[in-house]
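**Q** Please find one structure pasted underneath; my questions will follow.
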Amino acid sequence: MLIYSIINQKGGTGKTTTAINLGAALNRRAKKVLLIDLDPQGNLSYSLGINEFQNSMAEVLLGECKISQILHSNEGLDIAPSDNSLADAELSLAVSGGQERALKTALADISDYDYVLIDCPPSLSTLTVNALLTSHKVIIPMQMEVLSIQGLDQIMNTINKVSTTFSVDLSIEGVLPVMVDQRRKLSQEVRDYILENYDLRIFDSMIRTNVKASEAPSFGRSVINYKPTSNSAVDYMRFGDEILELNA
Ligand SMILES: Nc1ncnc2c1ncn2[C@@H]1O[C@H](COP(=O)(O)OP(=O)(O)OP(=O)(O)O)[C@@H](O)[C@H]1O
Ligand SMILES: [Mg+2]
């Protein structure tokens, strides 16, 4: 079982879209996938049509129920949902202190998945630290813009800090260029800058800007299910295959 965190503290960088569609792509390759919504915005849950639930990741992190008790299923994916009650849960965890391992503890009895993908909130908060401590590897979806580079140092510092403070073996699998506009030369320049200045893989796959990707959530579906022939669906399938190759 491989656990990935999808992180970027910047908002709107395609984390949720990547978690859902990487999950859908891996599932199409016969992998068993669990998606964990670890964002109080609950976008992943909502985007897969899960709007009504009694218990969620909030109760799981507070130790009030087991993750197996909150799972929903859609498109062959298992989903552990969240909503804004996760913000209160995070506050409780932060106040009581030493709760960085709450998620890891909660996942201890989960083993029957090939891949677990954790959709993180746009911050480097207690929730993100929980996700990092639980994960083997990290995927950073990023728009190839100059301003995105600023955040990269911060992400890498956080990851290094978490690995050393808690002595866990955490690595960055790579940066995934998302919402790529191939007509713009800038994305190639940003890519080159990152490769020259950071010890990071930029995935061969990239996800093109495509209106179908932004439509799919309103139908409660992945774009791979909603419009399999669209650019973004094709791109996410390719990314899924790249992830499988890296772990082969
Ligand atoms: N390839 C794409 N083409 C077009 N629109 C996209 C693409 N990927 C994501 N989007 C849209 O961009 C917006 C932000 O994407 P998403 O919600 O996945 O980002 P996020 O990083 O999870 O945001 P947040 O930081 O708020 O959690 C959404 O409206 C989404 O539908
Ligand atoms: Mg999101």
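The values are calculated or read from the model by the stated rules, or taken from the named source; none is laboratory data. The structure displayed is predicted, hence computed values, not measured ones. Methodologically, a virtual Cβ is constructed for each residue, glycine included, from the backbone with ideal geometry; neighbour enumeration extends over all protein chains shown.
**Q** Is there a residue being within 21 Å of Ile110 (Cβ to Cβ), within 16 Å of ligand 1 (Cβ to nearest atom), not charged (D, E, K, R) and not in a loop (DSSP other than H, G, I, E, B) anywhere in segment 33-41?
**A** Yes.
**Q** Then there is this: Is it the case that some residue within segment 202-212 is within 16 Å of ligand 2 (Cβ to nearest atom) and in contact with a helix residue (DSSP H, G or I) (Cβ under 6 Å, 6 or more places away or on another chain)?
**A** Going residue by residue through segment 202-212, those that are within 16 Å of ligand 2 (Cβ to nearest atom) are 207.
Imposing the further condition that a residue be in contact with a helix residue (DSSP H, G or I) (Cβ under 6 Å, 6 or more places away or on another chain) reduces the set to 207.
Yes, because at least one residue in segment 202-212 is within 16 Å of ligand 2 (Cβ to nearest atom) and in contact with a helix residue (DSSP H, G or I) (Cβ under 6 Å, 6 or more places away or on another chain).
**Q** Next up: Under the condition of being crowded, with 21+ Cβ neighbours inside 10 Å and small (Gly, Ala, Ser), which residue from segment 15-53 is farthest from Ala87 (Cα to Cα)?
**A** Checking each candidate, the answer is Ala25.
**Q** Next question, about the same structure. Quick one: in segment 206-231, of everything that is of a type in the set (A, V, I, L, M, F, W, C) and more than 9 Å from ligand 1 (Cβ to nearest atom), which residue is surrounded by the most Cβ atoms within 10 Å (Cβ to Cβ)?
**A** Initially, segment 206-231 is screened for residues of a type in the set (A, V, I, L, M, F, W, C), giving 206-207, 211, 213, 216, 219, 223-224.
Subsequent filtering for residues that are more than 9 Å from ligand 1 (Cβ to nearest atom) retains 206, 219, 224.
Numbers: Met206: 18, Phe219: 13, Ile224: 26.
Among residues in segment 206-231 that are of a type in the set (A, V, I, L, M, F, W, C) and more than 9 Å from ligand 1 (Cβ to nearest atom), the one surrounded by the most Cβ atoms within 10 Å (Cβ to Cβ) is Ile224.
**Q** To continue, here is another question. At pLDDT 95 or above, surrounded by fewer than 18 Cβ atoms within 10 Å (Cβ to Cβ), under 17 Å from the mean Cα position of the chain (by Cα) and among the aliphatic types (A, V, I, L, M): which single residue out of Leu244, Leu176 fits that description? Outline the logic, then answer.
**A** Values: Leu176 fails: surrounded by fewer than 18 Cβ atoms within 10 Å (Cβ to Cβ).
From the options Leu244, Leu176, the qualifying one is Leu244.
**Q** Would you point out which residue out of Ser45, Ser5 is within 16 Å of ligand 2 (Cβ to nearest atom) and in contact with a helix residue (DSSP H, G or I) (Cβ under 8 Å, 6 or more places away or on another chain)? Steps first, answer last, please.
**A** On the way: Ser45 fails: in contact with a helix residue (DSSP H, G or I) (Cβ under 8 Å, 6 or more places away or on another chain).
On inspection, the qualifying residue turns out to be Ser5.
**Q** While we're looking at this one, here's another question. Only residues that are near ligand 1 (Cβ under 6 Å from one of its atoms) and more than 19 Å from Phe203 (Cα to Cα): list them for segment 12-32, please. Show your work before the answer.
**A** Step one: filter segment 12-32 for residues near ligand 1 (Cβ under 6 Å from one of its atoms), giving 12-17.
If the condition is that a residue be near ligand 1 (Cβ under 6 Å from one of its atoms) and more than 19 Å from Phe203 (Cα to Cα), then Gly12 is the only one that fits.
**Q** May I ask you to list the residues in segment 106-137 that are of a type in the set (S, T, N, Q) and without any contact (Cβ under 8 Å) to a residue 40 or more places away in the chain?
**A** Ser125, Thr126
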